[in-house]
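Trainee: What follows is a structure written as structure tokens; I'll ask about it next.
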């Protein structure tokens, strides 16, 4: 579901719902309606800028996981057989990309399941609307 923020000024990205200005609106029309209600201090404004809010989702760094796993295995190696062993050659980008996608898909699903996604958004795709 897309979410939106609004502002009377193109450079200032704020303005959410009537209940909470940090909470994004559910639609462009909700932003316009809320801006009209807040227009008392900006009576000279004829337009509102609306930004699509994209939720920021934490990302797991698979390179760090791989490095830590390699160190863990080497810690228990009593021989020298694993001296040159590595789980992944970081030059193998397709292999890393596959692992990154799978790990982060599972991580996002876990965050959603336990309601741990941050209520944090970045603003993208600004558009001006007349009010």
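Throughout, read-outs are computed from the coordinates displayed, never taken from laboratory work. Remember, it's a predicted structure, so these values are computed and weren't measured experimentally. Because the Cβ atoms are built from the backbone with ideal geometry, glycine has one as well, and the counts that use them run over all protein chains shown.
Trainee: Figure the gain on full extension for residue 10 and residue 46 (residue separation times 0.36 nm, minus the Cα-Cα span) and round it to one decimal in nm.
Mentor: Answer, rounded to one decimal: 11.7 nm.
Trainee: Points 7 angstrom from Cα along the Cβ direction at residue 105 and residue 59: gap in nanometres?
Mentor: Each label point lies 7 Å from its Cα, and together they span 1.8 nm.
Trainee: Place a point 7 Å from the Cα of residue 77 along the Cα-to-Cβ direction; which residues of the range 84-122 have their backbone N under 13 Å from it?
Mentor: 84-88
Trainee: Now, a different point. Just to be sure I understand the model, the point goes 7 Å from the Cα along the line to the Cβ. What's the resulting residue 112 to residue 36 distance in nm?
Mentor: So the label points at residue 112 and residue 36 sit 3.4 nm apart.
Trainee: Specify whether the C-alpha gyration tensor of the range 62-113 places it in the rounded, prolate or oblate class, a ≥ b ≥ c being the square roots of the eigenvalues: rounded for a/c under 1.5, otherwise prolate if a/b is larger than b/c and oblate if not. All intermediate terms of the calculation are to be shown ahead of the outcome.
Mentor: Values: a/c = 4.50, a/b = 1.85, b/c = 2.43.
Verdict is oblate for the range 62-113.
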